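Okay, structure first, notes after.
The values are calculated or read from the model by the stated rules, or taken from the named source; none is laboratory data. All values derive from a computational prediction rather than experimental measurement. Because the Cβ atoms are built from the backbone with ideal geometry, glycine has one as well, and the counts that use them run over all protein chains shown. The accessibility values were calculated without ligands, DNA or RNA, using every heavy atom of the protein model including side chains. Shrake-Rupley method; radii C 1.70, N 1.55, O 1.52, S 1.80 Å.
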Amino acid sequence: MLDRRDCVKRLLIDRGDLLVVSGLGAPTYDVAAAGDSPLNFYLWGSMGSAAMIGLGLALARPKARVAVITGDGEMLMGLGSLATIGVKQPNNLAIVVLDNRHYGETGMQASHTNSGIDLVGIAKSCRFADTRVVTTENNLEEARALLHRGEGPIFLQAQVKAEEVPRVLPSRDGTQIKLRFMQAVAKLP
């Protein structure tokens with residue numbers, strides 16, 4: 001199992017102009033811990049929608065690389081988004097699911113991935129161009145390369161330890177997050 005915080009940090013090293021949508025809770029804390037950026041779009045109250053927000057960005061900005069970093073609980077809530085992404089086939093979109101097999105924000109109850117639900121299998125059946133389970137340091141380097149340069153849509157399921165780490169809280173001001181993100185995206189080529 002990978003260390004969740006280290007996994008996210010390593011995926012975002014030398015990120016350049018990568019647009020990052022972070023899912024509710026721990027993924028947002030981990031993205032913020034890896035380095036706050038105006039190109040981070042932190043979600044605070046929209047569980048299940050990170051992948052669809054990433055899809056909208058990927059379609060609106062086809063020359064930009066878009067990464068969604070979310071948890072297994074949120075991805076399970078938004079499974080229909082994988083089918084929509086599969087139909088639209090954005091080649092600039094990657095979804096990274098930090099799978100600790102638990103609902104971390106509500107008390108660490110076991111999620112469906114703990115009972116064998118195969119998110120990579122679902123993404124494959126939704127016609128993602130590349131799907132991977134990431135479990136080792138070597139897998140993590142391959143995943144990083146895909147995230148930054150692969151032809152999408154890409155789905156990466158990082159199997160991470162089920163542990164609580166200190167929260168790194170970015171701004172919770174939704175208006176400020178949105179405006180800062182929009183201004184940063186507008187400056188991109």
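The one condition from (1) out of contact with any Gly (no Cβ under 7 Å at 6 or more places or on another chain); (2) modelled with pLDDT under 95; (3) farther than 18 Å from ARG167 by Cα that ARG4 does not meet is (3).
If the condition is being touching a residue at least 60 places away in the same chain (Cβ under 8 Å) and among the aromatic types (Phe, Trp, Tyr), then region 120-171 contributes only PHE155.
When region 38-65 is limited to residues that are among the hydroxyl-bearing types (Ser, Thr, Tyr) and free of Cβ contacts under 8 Å to residues at least 40 places away in the same chain, the one that is farthest from GLY152 (Cα to Cα) turns out to be SER46. Only residues that are in contact with a Phe, Trp or Tyr (Cβ under 8 Å, 6 or more places away or on another chain) and either of a type in the set (Val, Ile, Thr) or surrounded by fewer than 24 Cβ atoms within 10 Å (Cβ to Cβ) (or both) were counted across region 6-34, and they come to 6.
Checking each residue in region 166-188 for being surrounded by 14 or more Cβ atoms within 10 Å (Cβ to Cβ) and either at pLDDT 95 or above or closer than 21 Å to ARG61 by Cα (or both) picks out ILE177, ARG180, PHE181, ALA184, VAL185. May I ask you to list the residues in region 57-86 that are open to solvent by less than 40 Å² (accessible area, probe 1.4 Å) and either under 15 Å from LEU18 (Cα atoms) or of a type in the set (Lys, Arg) (or both)? Selection gives LEU57, ALA58, ALA64, VAL66, ALA67, VAL68, ILE69. Any residue that is under 23 Å from VAL133 (Cβ atoms) and either in contact with an Asp or Glu (Cβ under 6 Å, 6 or more places away or on another chain) or open to solvent by 10 Å² or more (accessible area, probe 1.4 Å) (or both) - is there at least one of those in region 35-46? No: zero hits. Among the residues making up region 131-146, a single one is open to solvent by less than 50 Å² (accessible area, probe 1.4 Å) and under 20 Å from ALA83 (Cα atoms): THR131. Among the residues of region 79-89, is there at least one that is at negative phi and not in a helix (DSSP H, G or I)? The answer is no, given that none of the residues of region 79-89 is at negative phi and not in a helix (DSSP H, G or I). Counting the residues of region 36-78 that are at pLDDT 95 or above and assigned to a helix (DSSP H, G or I) gives 11. Only one entry of GLU163, GLU151 meets the criterion of being in a loop (DSSP other than H, G, I, E, B), open to solvent by 20 Å² or more (accessible area, probe 1.4 Å) and at pLDDT 95 or above, and that entry is GLU151. Checked against (1) of a type in the set (A, V, I, L, M); (2) within 14 Å of the chain's Cα centre (by Cα); (3) open to solvent by less than 10 Å² (accessible area, probe 1.4 Å), LEU2 passes all but a single condition, namely (2). Within the option set ALA162, ALA184, being of a type outside the set (D, E, K, R) and in contact with a Pro (Cβ under 8 Å, 6 or more places away or on another chain) holds for one residue only, ALA184.
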